[in-house]
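Have a look at the structure below, then the notes.
Each value in this text was obtained by applying a stated rule to the coordinates, not by laboratory testing. What you are looking at is a predicted structure, and each value in this text was computed from that prediction instead of being measured. All Cβ positions, even for glycine, are placed from backbone atoms using ideal geometry, and neighbour counts span all protein chains on display.
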Amino acid sequence: MNFLLHRRITICMLFIALTMLGYVSYKQLPVELLPNAELPMLFVQVSSQQDMDPSYVESEIVIPLEGAISSIGGVDKIQSTVDSRQSTIQIDFKNTVNFKITSLRLQEKVNELAATFPDGFNVQLQKVDVGQMANNFMVLQVRGSGGVDRVRNIVDKEIRSDLENVDGVASVNIYGGREKAIEIRLNPEACKALNLTPSSISGLLTQNTQDKAFVGFANEPDSKYFIHVNALYSKVSDLENIVVAPGPVLLKDVATVFFDLKEETSYSRVNGKDAVSVALMSDSQANLIDLSHRAVEAIDRLNEKLAYLDVEVVVQENTAETMENNIDQIINLALVGGLLAILILWLFLKNLRLVFFIALSIPISVYTAFNFFYAFGITINSLTLVGMALAIGMLLDNSVVVLENIYRLSASGCTP
């Protein structure tokens, strides 16, 4: 202790270094709305292809599933909801169970039982993915003339690549409208006669539709060149002439190839009208607020570029904006609370020197804590910020107690 007391400059430099390092750590920390947590909760979804009597679904499907679920152990509560087409079983587990092992065991039980159910029932085990919820940080709506299929085509060609190139965007999911694609419908009889399977034809198509194909070498006295040719197809007729079997047998001999709109596999509606929506997923290590700003800038550039196509991209949901408002509110409350506490301390203590040291302990402690955040992979989120706001209040209380003890010992004649 005497070593520390007699080296004041060293201790001051140490705290300054910790504070500066904490500021650097703070700038590197990921920011998210919710902490990445695994909730001890699973859902069993039972869906049917047609309307069924709920009492029949309950007796034949739900009750057997509940029995299988209760047999695995560690279950705290089971709650079921039965409907004519969709039924849900919510399973809450005790906090003491190994959730990963328990979910695997439950998956095995559900799969075994689902195999015995009548045809027409689909059983799926789902979990609450908090990380996935947090990573889905922005939903866009793309508006334009000419119908949703035209807008979807523009999104696929012009918008998707620009959004995927935004630093921190992990994936771009598009909903609504129909994509343009080349469809190949095989002739079962012709394929069977030539011993061709869909997988073998798919493999041949993959080999023959690469951007570049290696065809061999070109040798010179002192050099060796690798020769590639452009293997992209610009017309459906080129694709039809791919050789799929000796003879030669061409693709058009065993299949019909045509360019058309794919069957619609996803739907998006806004205010009851068909629309094209785009969901942006963030990288788990990205700072969500900075990423949101970069995405909004990219959207502004897209709107300028696509104005001549009569297409507009608008932000429908922005989780990062909500999170930024929540974080700003928490920080403001913490600052106001700290300032009020310091003001009250000054009113009671009437000593600016004491109040200054107590106030100085707040930024030092907060920025030092960010070093541990960075070291242990803790993110800045609503929960950690609330915890730090509470910690500031406890810090002020403890500072008063420590200073009072120092003055008491000093008044009694104790020396450092």
Next item on the list: Once every Cα of the stretch 270-416 carries one equal point scatterer and solvent is ignored, give the base-10 log of I(q)/I(0) from the Debye formula at q = 0.18 Å⁻¹, two decimals.
Entry: -1.11
Check: Where a ≥ b ≥ c are the square roots of the eigenvalues of the C-alpha gyration tensor, would you call the stretch 43-150 rounded, which needs a/c under 1.5, or, failing that, prolate if a/b is larger than b/c, or oblate?
Finding: oblate
Item checked: Pairwise centroid distance, computed over Cα atoms, of the stretch 95-174 with the stretch 355-416, Å -> 43 Å
Notebook entry, point to check: Say R0 is 56 Å: what FRET efficiency, to the nearest 0.05, do S71 and A389 get from their beta-carbon distance?
Noted result: 0.80
Notebook entry, point to check: What ranking, highest mean first, results for peptides 145-154, 340-349 when packing means the other Cβ atoms within 10 Å averaged over each residue?
Noted result: 145-154, 340-349
Check: When you count, for each residue, the other Cβ atoms within 10 Å and take the mean per peptide, how do 92-100, 391-399 rank with the highest first?
Finding: 391-399, 92-100
Checklist line | Approximate spin-label separation D53-H6, in nm, with each point projected 7 Å along Cα-to-Cβ | finding: 9.3 nm
Next item on the list: Compute the length gained on full extension between K100 and R85: take 0.36 nm times their separation in residues and subtract their Cα-Cα distance, giving the result in nm to one decimal.
Entry: 2.4 nm
Next item on the list: About the Cα centre of the stretch 38-119, how large is the charge dipole given +1 on each Lys and Arg Cβ and -1 on each Asp and Glu Cβ? Please answer in debye to the nearest 20.
Entry: 400 debye
Checklist line | Separation in nanometres of the label points that stand 7 Å from Cα toward Cβ, at D290 and V315 | finding: 1.7 nm
Item checked: Förster-model FRET efficiency, 56 Å R0, S199 and I330, C-beta, rounded to 0.05 -> 0.55
